[in-house]
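Report on the structure given below.
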């Protein structure tokens, strides 16, 4: 391998790291939909050159997530109604598939990460008022960890990319606030069903996701006349 090939590989690796960082920042709500982002500030913050920043943003633009603008700026696009509905559909397919794939064979020790997240949720719920943004972040971690249990790199990758379009902080900003107590009970029941290798785990995740969909679609964003005809 010559020096030029090595530099190209190193640059691609760095661009991939920047891309994953941006995906996580969007999914976690650090960057807001509709926000304008300076590529120069990103370069300074991440301590990398502009080249991997541009490559990562170009990839996000191809994903339909950002719009690259002049003067080293880019716009984080707000998801359309169609995008949100499509993302919800795929989320349900992925999570139900994962539960069906693991419930009969999963080892109890592999549920430790889910139990740890549940413990964090429980501690959060003991405080009043509940920090809803933080709870939603834990909720996202729970569902990601659930999908990771299937040990399928393409499922994990698809779920991570899906969450760029389905930032739950944003979803609940435009939807109906979740019933925290009920979602917590669903999480506990799901883990216990998985630990017992019970097919009830599939029913629990299907119900949980159905209620989540209803909460989002009941919000003003979907029920107002302005968005009723949105493509």
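Among (1) modelled with pLDDT of 90 or more; (2) touching a strand residue (DSSP E or B) at 6+ places or on another chain (Cβ under 8 Å); (3) farther than 28 Å from residue 221 by Cβ, which single condition is residue 74 missing?
(3)
Which of (1) at pLDDT below 95; (2) under 30 Å from residue 196 (Cα atoms) does residue 112 not meet, given it meets every other one?
Of everything listed in (1) at pLDDT below 95; (2) under 30 Å from residue 196 (Cα atoms), residue 112 misses just condition (1).
The values are calculated or read from the model by the stated rules, or taken from the named source; none is laboratory data. If you're wondering where the values come from, they're calculated on a predicted model, not measured in any experiment. Reconstructed Cβ throughout: ideal geometry from the backbone, glycine too, with neighbour counts over all protein chains shown.
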